[in-house]
Amino acid sequence: MRRPLLSFAMILAAAVVGVPFYYIVVNTFKTQAETSASPLAPPSGLYLGNYARVFETTPILQSFLNTVYVTVVSVVVMLVIGSMAAYAMLMRKTLVNRVAAALLVIAFLVPGQATLIPVYRILVELRLVDSLEGLVFLYAAGSVFCYFLIQGYLRSLPISIFEAARIDGAGPWQIYWRIVLPLIRPILITVGVFQTMWIWNDFITPNVFISSPDKQTLVLQVYKAVGQFGVDWPAFMTLSVIVLVPVVIFFVAMQRHIVNGLLQGSVKG
């Protein structure tokens, strides 16, 4: 009895989540009049005018390349910093490292919106405002999140592996590169997926720190469809689909690795 009820609840939850996505996708293939008349009905034909207009009036390709560049570089930086910090904190349990770990916990609890003004002033001094490198610099703060997840995964591994490598004469860098990185590959993929989805869909950071049209990300192009007195709904929904489709495909492709990483990190030894 419990299994059918659970299946029904899961189907219902999937429907609740899927209906908004269905609504956006089907209406990108309709004219505005057809959307107003029957927003939830399937399109009567394959109308591609909305996509043609968006690609003609919006620098989609440039924004896509900007988003890919910022996302890839930021995720790589976060994974490197987070994994190295987790490895160092685990191997050297000194008082300084414990204090640093406590400070990281406190910093992680501070909402990013509360630090926008001081961070903006810092980027002005560094001349990184309105630059893609400035966004990478800001997103690098996500290394704290990576550090916590990777450290939890490292603690599930037998410490004897690292001690044996040290006895054999391997240095800290050799242990990190040849032993730690291969062992933590599942959690690196898991954290990388989470951070990729965060950066790809982030709106606040690029909206505050980017002003040049040629440096805007995809999410900012969606925001352009929202005017002061109205919303260009066909363009808004079409741009939303263009932003969502790559990250949905990426998440579905990496879903198995996410589950494996979380399960392996939850088992001791």
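Key figures
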| quantity | calculated |
| --- | --- |
| Rough spin-label spacing in nm, given labels placed 7 Å along Cα→Cβ, for VAL129 and VAL25 | 4.2 |
| Among VAL25, VAL17, VAL77: highest mean-square fluctuation, GNM of the chain, C-alpha pairs under 10 Å | VAL17 |
| TYR223/THR57 FRET efficiency (R0 22 Å; Cβ-Cβ; nearest 0.05) | 0.90 |
| The chain: most fluctuating residue of GLN221, GLN174, GLN62 per GNM, C-alpha cutoff 10 Å | GLN174 |
| Extension gain (nm, one decimal) between SER211 and ARG92, 0.36 nm per residue minus Cα-Cα | 38.5 nm |
| Label assignment, Cα extents along the principal axes in Å derived from the structure, set [x] 73, 63, 30; [y] 58, 52, 35; [z] 53, 49, 32 | [x] |
| Karplus (6.51, -1.76, 1.60) ³J(HN,Hα), θ = phi - 60°, over region 121-134, in Hz, Gly and Pro reported as x | 5, 5, 5, 5, 5, 7, 6, 10, 5, 6, 8, 5, 5, x |
| Relative contact order for region 51-265, counting Cα pairs under 8 Å that sit 6 or more residues apart, in percent | 33 |
| Distance (nanometres) between label positions extended 7 Å along Cα→Cβ at ILE159 and ALA114 | 3.4 |
| Packing rank of 115-125, 134-144, 84-94, where each peptide gets the mean count of other beta carbons within 10 Å, highest leading | 134-144, 84-94, 115-125 |
| Extension reserve of the VAL68-ALA253 stretch, reckoned as 0.36 nm per residue once the Cα distance is removed | 64.9 nm |
| From phi via Karplus (6.51, -1.76, 1.60), per-residue ³J(HN,Hα) for region 4-11 in Hz, x at Gly/Pro | x, 5, 5, 4, 4, 5, 5, 5 |
| Among LEU181, LEU46, LEU12, residue whose mean-square fluctuation peaks in a GNM of the chain (springs only between Cα atoms under 10 Å) | LEU12 |
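Throughout, read-outs are computed from the coordinates displayed, never taken from laboratory work. Predicted, not measured: the structure shown is a model, and the values here were computed from it. Positions of Cβ are generated from backbone atoms using ideal geometry, with glycine treated the same way; all protein chains shown enter the neighbour counts.
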